[in-house]
Structure formats: structure tokens, C-alpha cells
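The values are calculated or read from the model by the stated rules, or taken from the named source; none is laboratory data. In this text, all values refer to a predicted model and were calculated from it rather than measured experimentally. With ideal geometry, Cβ positions are generated from the backbone for all residues, glycine too; neighbour counts draw on all protein chains shown. Protein only, heavy atoms only, side chains kept; ligands, DNA and RNA dropped before computing areas. Shrake-Rupley method; radii C 1.70, N 1.55, O 1.52, S 1.80 Å.
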Amino acid sequence: MKILLIAALPPPPKLSVELADLRDRSAERAVTLREVIYTLHGRAYMLLVLLLALPFITPIPLPGLSTPFGLAITLIALRLSLGQRPWLPMKLQRKELPAGFLRKLLAVAERVIRFFEKFLRPRLTFITDTALLAQLHAVLMLVAALVLLLPLPIPFTNSFPAWTILLLAAGLLERDGLFIIGGYLVFIAGVFYFIFLGEATATLLHELVQWLRG
């Protein structure tokens, strides 16, 4: 009777290591999304989602970036929510990141991810490994990306969906269900923030109308 010994597959490299490798490969020139995808290999699309969400975690919106970056995340999340392999059209893959932008983005990404890695680890894996739940997480990511598409010049309108995407992407990459739960909590907080904005705007408009009427 033959016994087959199957060697355990080595764990994937840490996110910070993959990002550092990408930073080292990128020169001081414009880099396309296609080059980023090619360099990141196996986990390319989820890492790309993580990278594209990072510029928006600050309270101040970034004009000019939210629409193309949000569109890329939307297309990837849409495919994942349908249970399909992530994909971007070639036109979007040819989208160039300005010279030096990728290095600056990766420098910030490495710091954020190294901080995350102190807490990231496989846990509550049924949340990340169940196909139906994974599609549900992708739907939430899709909704958050659609919010990013809106060029709203209001503080925190980008940061709530960006943190939602960031936590979901990190949780899915490292099979950490706790980060996934954190993404849902941030999303819920963002919903309450937008409700507050809507009510405040309605009240302000009502007061303005009353003032104009004398």
C-alpha cells in the first residue's frame, strides 16, 4: 500500500512584503494598473482594491481620483459579488498612475498594512471561506465603491466607504473574519453619517427658505 505524502503549501507572503516588492520594482515613472496587477500575481485584484481605497481613508476628499479608482473597485467587486473571477477592461488597465504617485501610495500602504498585520490572522474563517458570505462581502464592497464614485466635496464622505473596503479586503486576503465584521460596522457608521448629513441639509434648506420668505 502506497502512502502519498503531500507537502503543505507555503503560506502566502505577508501583504507588507508584497507591497514592498511592488515598491522596489516601480521606478519614478507613470505606472499602469495593468503593471500593478501583473506584479502582484495571485492576489493581485484584492490587493489592488486595497491600494485603490487607501488614498481615501483621510477625512478630506481627493478630487479627480475618486471616480476612476471607485470605478475600478466597483468592477472588481461586481465580478466577485457574482461569484466570478475579478477582471478589469483593458482601457481601465491602461490607466496610468502619475509618476511617483505609486511609490508614495505604497509607502503609506506599507505603514498601514504593517500596523494591520499586528492584528490580522486567520480567525472566524467561516466568515471568509463560505462562498455565499464571500459574495455578500463583495456586495457590501460594491456599494461602498459606488459611494466613492460620487465626487462629494464633504469631509468623511469618502473615508467611511474607503475604510469599509480596506477592512473587507484585508480580512478576505488574510482570512480574518474579525476584520470583515469591522468593515460592516464602519459601513453602518457611514450610513448613519449620511443620514445625519441629509437631515442637516434638509434643516438648513428649510431655514434658508424661511429666511428668504421673511
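Descriptive notes on the structure:
- Summed over the residues of the stretch 65-214 and divided among them, the accessible surface reaches 56 Å² per residue at a probe radius of 1.4 Å.
- Kirkwood Rh and Cα Rg combined as Rg over Rh, evaluated for the stretch 80-213: 1.07
- Label-reachable residues, the stretch 77-116, where backbone N falls under 19 Å from a point 7 Å from Val17's Cα toward its Cβ: 107, 109-116
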